[in-house]
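K.L.:
Please read through the structure below; I'll follow up with questions.
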Amino acid sequence: MKKSIDGNGGCLPNSAIAELLAVAAETAKMPLQKALRRASRKAFLWTEEAAALLQEERPLTELPAVGPHLSRLIGGWIENPPDALEPPAIRQGFLTLTEARATLAKKSFSWGAPKGDLQMHTRWSDGSGSIEEMARAAADRGYEFIAITDHSKGLKIAGGIDEEQLARQADEIATVNATLKGEGLSVMVLKSIELNLDTGGKGDMDFASLQSLDLVLGCFHSALRKKEDQTQRYLAALQNPYVQILGHPRGRIYNYRLGLSADWERVFDLAAKMDKAVEIDGYPDRQDLNMDLVKLAKKSGCRISLGTDAHDPLQLRFMDYSLASALLAGVKRDRILNFMSADELRDWSAAVRQG
């Protein structure tokens, strides 16, 4: 196969392959259905275009989640592309890794690299890496800071931590920071938490424990399939005095959950008025806020926070999705928290807390 795979070459991009796999899964029987759905999700993480592999006469089985049967299926689609499919809302607006990296290659030179990552998890809740492992991975990326945002106690399914554990985690963060500084590494671990919010915008941790943190990321984890307008819960969350960042706002997950709806202009306008931030969660299955909402947030002028939602050190690479989304939406560099210094970030957080 020697077809062109440039942007206008007519070949099937990974995003289209992901949709074809998802559609095929809708009528397949188990275990093929599971394999198709898994490959559909993994297509957003493929580091190369599938069409490029065929052009180079390499097997498609090099791609994660692609075995011999799916290789033949995908190869047939690439050789004879079917009519374009419009993804349903539950699968719309997700960047593939190749799209994100192409965007960064074209547009990020004027910004430089972000200075940190503002959402990640460790073994203290549902992550698989330690605080030190996450910090060292961040140092390898040239970061100046990271925020450890393990889940709070109300989210038992994700190993949420209570006030006493949060205090012990702070001691470990201090030890890790001292160790890294002693080695001449410049990365600093910030004390933070992913605060579980109820539908009234109230958190599940004692206020005194939150006051000692550098940042609080507030997130909804319940009643995420409501179809009626949820504007009031977002306004309430932003009015929570201990929350500085509204994390993965819609609560969407690729091909699993559409997420919530709201009068987003009102939400973002209030965030801008209160100088609070809304997050672009870079986890590939989330990418939340999605592109259209990032553009609306930019229009309102509110601050943007970029977080990978990483659960192990390797997932820090998910920053590519968050950063590409911000670039494509035209967000200004000076509105993104991740381009502040650690001191500027903590000063901003303290000012927001004081109202």
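The values are calculated or read from the model by the stated rules, or taken from the named source; none is laboratory data. Quick caveat: nothing in here was measured; it's all calculated off a predicted structure. When we count neighbours, we look across all protein chains shown, and the Cβ atoms used for this are built from the backbone with ideal geometry, even at glycine. What goes into the accessible areas is simple: the full protein's heavy atoms, side chains included, and nothing from ligands, DNA or RNA. Shrake-Rupley method; radii C 1.70, N 1.55, O 1.52, S 1.80 Å.
K.L.:
Write out, first by first residue and then by second, each pair whose Cβ atoms fall under 7 Å of each other, whose residues are 6+ apart or on separate chains, and whose first residue, in region 104-130, is closer than 23 Å to Ser186 by Cβ and open to solvent by 10 Å² or more (accessible area, probe 1.4 Å) while the second is at pLDDT 95 or above and among the hydroxyl-bearing types (Ser, Thr, Tyr).
P.N.:
Every condition considered, the pairs that remain are Lys115/Tyr143; Lys115/Ser341; Ser130/Thr122.
K.L.:
Could you check, for region 177-197, whether at least one of its residues is polar (S, T, N, Q) and over 24 Å from Gly116 (Cα atoms)?
P.N.:
Keep residues of region 177-197 that are polar (S, T, N, Q), which gives 177, 179, 186, 192, 196.
Keeping just the survivors that are over 24 Å from Gly116 (Cα atoms) gives none.
Scanning region 177-197, I find no residue that is polar (S, T, N, Q) and over 24 Å from Gly116 (Cα atoms), so the answer is no.
K.L.:
Same structure, new question: Which residue, of Gly301, Gly307, is closer than 14 Å to Gly116 by Cα, at pLDDT 95 or above and not aliphatic (A, V, I, L, M)? Can you show your working first?
P.N.:
On the way: Gly301 fails: closer than 14 Å to Gly116 by Cα.
After applying the criteria, what remains is Gly307.
K.L.:
Which of (1) farther than 26 Å from Ala39 by Cα; (2) in contact (Cβ under 8 Å) with a residue 60 or more places away in the chain; (3) open to solvent by 10 Å² or more (accessible area, probe 1.4 Å); (4) acidic (Asp, Glu) does Asp292 not meet, given it meets every other one?
P.N.:
The number of the failed condition is (1).
K.L.:
Identify, from the list Asp269, Asp309, the residue that is on the phi > 0 side of the Ramachandran plot and either open to solvent by less than 30 Å² (accessible area, probe 1.4 Å) or of a type outside the set (Ser, Thr, Tyr) (or both). Quick ask: steps written out before the conclusion?
P.N.:
Working: Asp269 fails: on the phi > 0 side of the Ramachandran plot.
The conditions single out Asp309.
K.L.:
When you scan region 21-43, how many residues do you find that are in contact with a helix residue (DSSP H, G or I) (Cβ under 6 Å, 6 or more places away or on another chain) and in contact (Cβ under 8 Å) with a residue 40 or more places away in the chain? Before the answer, list the steps.
P.N.:
Start the filter on region 21-43 by keeping residues that are in contact with a helix residue (DSSP H, G or I) (Cβ under 6 Å, 6 or more places away or on another chain), which leaves 21-22, 24-25, 28, 33, 36-37, 39-40, 43.
Subsequent filtering for residues that are in contact (Cβ under 8 Å) with a residue 40 or more places away in the chain retains 21-22, 24, 37, 40, 43.
Counting residues in region 21-43 that are in contact with a helix residue (DSSP H, G or I) (Cβ under 6 Å, 6 or more places away or on another chain) and in contact (Cβ under 8 Å) with a residue 40 or more places away in the chain gives 6.
K.L.:
Can you tell me which residue is farthest from Ile304 (Cα to Cα) among those in region 221-234 that are touching a Lys or Arg at 6+ places or on another chain (Cβ under 7 Å) and open to solvent by 10 Å² or more (accessible area, probe 1.4 Å)? Explain how you work it out, then say what you get.
P.N.:
First pass over region 221-234, keeping only residues touching a Lys or Arg at 6+ places or on another chain (Cβ under 7 Å): 224-225, 231.
Restricting the remaining residues to those that are open to solvent by 10 Å² or more (accessible area, probe 1.4 Å) gives 224-225.
On the way: Leu224: 22, Arg225: 25 Å.
Within region 221-234, the match that is farthest from Ile304 (Cα to Cα) is Arg225.
K.L.:
For region 94-103, give me each residue that is open to solvent by less than 60 Å² (accessible area, probe 1.4 Å) and either touching a residue at least 60 places away in the same chain (Cβ under 8 Å) or within 17 Å of the chain's Cα centre (by Cα) (or both). Full working, then the answer.
P.N.:
The initial filter retains those residues of region 94-103 that are open to solvent by less than 60 Å² (accessible area, probe 1.4 Å), namely 94-98, 100, 102-103.
Scanning region 94-103 gives Phe94, Leu95, Thr96, Leu97, Thr98, Ala100, Thr103.
K.L.:
Residue check: is Arg91 of a type outside the set (A, V, I, L, M, F, W, C), surrounded by 12 or more Cβ atoms within 10 Å (Cβ to Cβ), at pLDDT 95 or above and over 24 Å from the mean Cα position of the chain (by Cα)? Write out each step before concluding.
P.N.:
Values: of a type outside the set (A, V, I, L, M, F, W, C): yes; surrounded by 12 or more Cβ atoms within 10 Å (Cβ to Cβ): yes; at pLDDT 95 or above: yes; over 24 Å from the mean Cα position of the chain (by Cα): no.
Answer is no for this residue.
K.L.:
So how many residues does region 316-349 have that are open to solvent by less than 40 Å² (accessible area, probe 1.4 Å) and either in contact (Cβ under 8 Å) with a residue 40 or more places away in the chain or farther than 27 Å from Leu97 by Cα (or both)?
P.N.:
So the answer is 20.
K.L.:
Could you tell me whether region 65-88 includes any residue that is in contact (Cβ under 8 Å) with a residue 40 or more places away in the chain and of a type in the set (S, T, N, Q)? Break it down into steps so the answer makes sense when it comes.
P.N.:
Filtering region 65-88 down to residues in contact (Cβ under 8 Å) with a residue 40 or more places away in the chain leaves 70, 73-74, 77-79, 81-82, 84-85, 87.
Those left that are additionally of a type in the set (S, T, N, Q): none.
Checked against the condition, which is being in contact (Cβ under 8 Å) with a residue 40 or more places away in the chain and of a type in the set (S, T, N, Q), region 65-88 yields no hits at all.
K.L.:
How about region 37-51: which of its residues are buried (at least 16 other Cβ atoms within 10 Å of the Cβ) and either over 23 Å from the mean Cα position of the chain (by Cα) or not in a helix (DSSP H, G or I) (or both)?
P.N.:
Quick first cut of region 37-51, residues buried (at least 16 other Cβ atoms within 10 Å of the Cβ) only: 37-46, 49-51.
Once the filter is applied, which keeps residues that are buried (at least 16 other Cβ atoms within 10 Å of the Cβ) and either over 23 Å from the mean Cα position of the chain (by Cα) or not in a helix (DSSP H, G or I) (or both), region 37-51 yields Trp46, Glu49, Ala50, Ala51.
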